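First up is the structure itself, then whatever we jot down about it.
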Amino acid sequence: MRDAAKRPVPAATVCAASSSEALGASERRARPCTIAAADGWYRLDGLLAAPHRVTASAPHFIPQAHRSGSGALARELVPLRSGQEQRGIDITLLPGGVNLVGIVRDLGGGEVDGAIVEAGDAAGRSGADGSFSLRVRPGEVLVRATAEGYADTQASGRAPGLTLEVLMTPESVLLGRVVRADDGSPVAGAEVSALDGGGWGRQGPAFTDASGNFRIDALRPGAYKARALHDEGHGAAAALVVLGLGETSAPVEVRMHPAFLVEGTVVIAGGGTCDRGSIILSDPQGQRHAAIAPDGRVRIPAAARELQSGCPVRRVRVGAELPAPGDRRPQPPRATVGGPTGSGDPRHGRR
């Protein structure tokens, strides 16, 4: 962590987040953070092998995300592979910003301790009394709070301003099991989402265990239908499940029917692979979306007739095949990021 004059920024809070579609919702909500040492060094251990966005904030500075490249080649995501240690994930903080103060409470008025609170590139946790303080850019802010046992919550306000109150709702939970339609055997590694009553909003996902069981938590009260996708096929629950405040459903069954796996590489005009955006596969039954991975690869467990991309596409290589039965999703491996690349001891900091 350095300022514009290349001086170290001590005690900066550094956090990593991943929105990779290979991760479940609970893994995406995680915010591993550390505190930079007096010489600006930091180290984040135990990260999942997935692209991460690394951000930093400190008193008297504007919060900032790590960026590499410039112009059309500018990137914020840091790709991580299993067992990899990334060095040089440096962030330069500029002076400025204002304090945003608030308190996180539940619907009963009790304080929520340890909630992850984010506003833009700033992140922190609420204290035992529910209070939090973030350094943000002045003006309108949108605050997102997550905490174990609660549904994700957003609140808006102005900074600087009065103390912002964030009210969290006890979570509702959708439970169930995914089985093959032909023989009733469990499907492991299926991605299960909770679709709202209109079929447009999507919560989750969660991935089924070896017995085909899934649990989608952090839901708000409402009507949901479980939908499952897998390399082997897709399926949905027969009916909507209505969840009350803090209610856990009885187990629902999702019967999975065979489908094709569509897998390919997106190549942009002028050479190279497209490493951002998403792919949409459309057919008369609907659409399937998938984010393009940093290496340009994309995988969508569904058959389709029309393909669209978020990049200027010159060529898309698409192969469709039925996967071997019994495919299992492996446990996500871990990786490490740190910085800077200059002299110093990268072992400083704590998770």
Name the residues in the stretch 216-232 that are part of a strand (DSSP E or B) and at negative phi, would you? ILE216, ASP217, LEU219, ALA223, TYR224, LYS225, ALA226, ARG227, ALA228, LEU229, HIS230
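Yes/no matrix, rows are residues, columns are (1) out of contact with any strand residue (DSSP E or B) (no Cβ under 6 Å at 6 or more places or on another chain); (2) closer than 28 Å to SER193 by Cα; (3) surrounded by fewer than 20 Cβ atoms within 10 Å (Cβ to Cβ):
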position	(1), (2), (3)
ALA30	yes, yes, yes
ALA38	yes, no, yes
TRP41	yes, no, no
LEU44	no, no, no
ALA50	yes, yes, no
ARG53	no, yes, yes
SER57	no, no, no
ILE62	no, no, yes
ALA65	no, no, yes
Of the numbered conditions (1) assigned to a helix (DSSP H, G or I); (2) touching a Phe, Trp or Tyr at 6+ places or on another chain (Cβ under 6 Å), SER26 satisfies every one except a single condition; which is it? (2)
Can you go through GLY286, GLY271 and tell me which one is at pLDDT below 75, surrounded by fewer than 15 Cβ atoms within 10 Å (Cβ to Cβ) and under 20 Å from GLY197 (Cβ atoms)? GLY286
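For GLY157, indicate whether it is out of contact with any Phe, Trp or Tyr (no Cβ under 7 Å at 6 or more places or on another chain), outside the structural domain of GLY233 (by TED's automatic domain parsing) and modelled with pLDDT under 95.
Here the answer is yes, as GLY157 does meet what is asked.
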Tell me whether the stretch 174-192 contains one or more residues that are part of a strand (DSSP E or B) and within 16 Å of VAL104 (Cα to Cα). no
Could you please find all residues in the stretch 90-125 being surrounded by fewer than 21 Cβ atoms within 10 Å (Cβ to Cβ), touching a Phe, Trp or Tyr at 6+ places or on another chain (Cβ under 9 Å) and assigned to a loop (DSSP other than H, G, I, E, B)? GLY96
Given (1) within 25 Å of ALA218 (Cβ to Cβ); (2) under 19 Å from the mean Cα position of the chain (by Cα); (3) not hydrophobic (A, V, I, L, M, F, W, C), index of the condition PRO79 fails: (1)
Among the listed residues GLY189, GLY197, GLY212, GLY204, which satisfies the condition of being in contact with a helix residue (DSSP H, G or I) (Cβ under 6 Å, 6 or more places away or on another chain), of a type outside the set (S, T, N, Q) and within 23 Å of ARG288 (Cβ to Cβ)? GLY204
Filter the stretch 216-266 for residues that are within 20 Å of ASP182 (Cα to Cα) and of a type in the set (Phe, Trp, Tyr) and give the result. PHE260
Candidate set from the stretch 134-160 (those that are without any contact (Cβ under 8 Å) to a residue 40 or more places away in the chain and part of a loop (DSSP other than H, G, I, E, B)); member that is farthest from the chain's Cα centre (by Cα): GLY149
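The values are calculated or read from the model by the stated rules, or taken from the named source; none is laboratory data. These numbers come from a predicted model, not from an experiment. Every residue, glycine among them, receives a Cβ derived from its backbone with ideal geometry; neighbour counts consider all protein chains shown.
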